[in-house]
Amino acid sequence: MAVLTEAPRRGVLLRILPSALYSGRSTAVLERTFLTYSHAWMLFVSGVFEPLFYLMAFQLGFGKLVGEVVGPGGQAMSYVAFVAPGLLAASAMNGAILDSTYNLFFKLKYAKLYDAMLATPIGPLDIALGEVGWSVLRGGIYSATFLGVMTVMGLPGSWWALLMIPAALLIAMAFSAIGIVLVTFLRSVSQFDYINLVLMPLFLFSTTFYPLSVYPAGIQWIVQIFPLYHGIELMRGLSAGVLSWGMVGNVAYLVALAAVGIYASSKRFGKLLLR
């Protein structure tokens, strides 16, 4: 009887993936990162304040200069209520990228942490899932704090805004997975400028600060390809309580991006370290 009940506990991935790729120990990677940050918690907490400073600046400054804007579903809303969901999505993106690029590059190239991990039963997919999992956890804490401040300021227009937290987790997962893939191709710290060169236009032009309608029709198609655009559209609709079938497409886009990123990052770890 014990034999019959043992198999389901191993999980689907353990049954279909080779042990050299995945051993079901991704939580060990997550636990190691958590213990590391427990000794440097100020670095962790400091990341909460940047988006909050942006939000306060818009509330006290720009919000006084700009009146109402057209939000999801064509409804009028204050400019601060329009921008806040975009800042939350951008915060999830930036937090995920920070963890999955700069921190991961140091562990990969200098600390040789993953070489040591792969000398244990931990596999490349365990590492990828563990690192993405930490970014998601960190993004969830930041998002909950940000949403709490938004609520105090009276910015959310619906109880659907509670779903902004899982939406932020999805954004963090997608960008973290892609960030891990990108950093495995970098050879020096100076090459991080290429990542920043991509992040800045994403932040500025993914409708964070103004609606898609301000762009010419041809540019709108380009903006709709940006991953952050889909995160912002999802956040903004949930905050306003205006749901649409387009949000299903936003979720599908981010899920597909996360899945591709996790698969590709595990393959890259295997190629770089299992030689």
Report summary line: How many residues of the range 134-144 are of a type outside the set (D, E, K, R) and surrounded by 18 or more Cβ atoms within 10 Å (Cβ to Cβ)? The answer is 6
Report task. Please go through the range 109-130 and pick out each residue that is outside any loop (DSSP other than H, G, I, E, B) and open to solvent by 10 Å² or more (accessible area, probe 1.4 Å). Result -> K109, L113, D115, A116, M117, L125, L129
Report task. Check off (1) in contact (Cβ under 8 Å) with a residue 60 or more places away in the chain; (2) closer than 19 Å to G71 by Cβ; (3) among the β-branched types (V, I, T) for V251 and give me the number that stays unchecked. Result -> (2)
Query - Tabulated pairs, the range 264-275, first more than 15 Å from K107 (Cα to Cα) and touching a residue at least 24 places away in the same chain (Cβ under 8 Å), second of a type in the set (D, E, K, R) and outside any helix (DSSP H, G or I), C-beta under 9 angstrom, 6+ apart or interchain - result: none
Query raised in the report: So S265 fits all but one of (1) open to solvent by 10 Å² or more (accessible area, probe 1.4 Å); (2) out of contact with any Phe, Trp or Tyr (no Cβ under 7 Å at 6 or more places or on another chain); (3) modelled with pLDDT under 90; what number is the exception?
Result: (1)
Query raised in the report: For the range 142-159, which residues satisfy the criterion of being farther than 11 Å from M235 by Cβ and assigned to a helix (DSSP H, G or I)?
Result: Y142, A144, T145, G148, V149, T151, V152, W159
Requested in this report: Report yes if some residue within the range 5-19 is touching a Leu at 6+ places or on another chain (Cβ under 9 Å), modelled with pLDDT under 70, of a type outside the set (S, T, N, Q) and in a helix (DSSP H, G or I); otherwise report no.
Outcome: yes
Query raised in the report: Given the residues L243, L186, L257, which is the only one that is outside any helix (DSSP H, G or I), over 27 Å from S78 (Cβ atoms) and hydrophobic (A, V, I, L, M, F, W, C)?
Result: L186
Query raised in the report: Say we look at the range 194-219 and pick out the residues that are in a loop (DSSP other than H, G, I, E, B) and without any contact (Cβ under 8 Å) to a residue 12 or more places away in the chain; which of these is surrounded by the most Cβ atoms within 10 Å (Cβ to Cβ)?
Result: Y215
Query raised in the report: Which residues, taken from the range 66-108, are part of a strand (DSSP E or B) and open to solvent by 60 Å² or more (accessible area, probe 1.4 Å)?
Result: E68, V70, A76
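The values are calculated or read from the model by the stated rules, or taken from the named source; none is laboratory data. This one's a predicted model, so the numbers in the text were calculated from it and none came from an experiment. When we count neighbours, we look across all protein chains shown, and the Cβ atoms used for this are built from the backbone with ideal geometry, even at glycine. Calculation scope for accessible area: heavy atoms of the full protein, side chains included, ligands and nucleic acids excluded. Shrake-Rupley method; radii C 1.70, N 1.55, O 1.52, S 1.80 Å.
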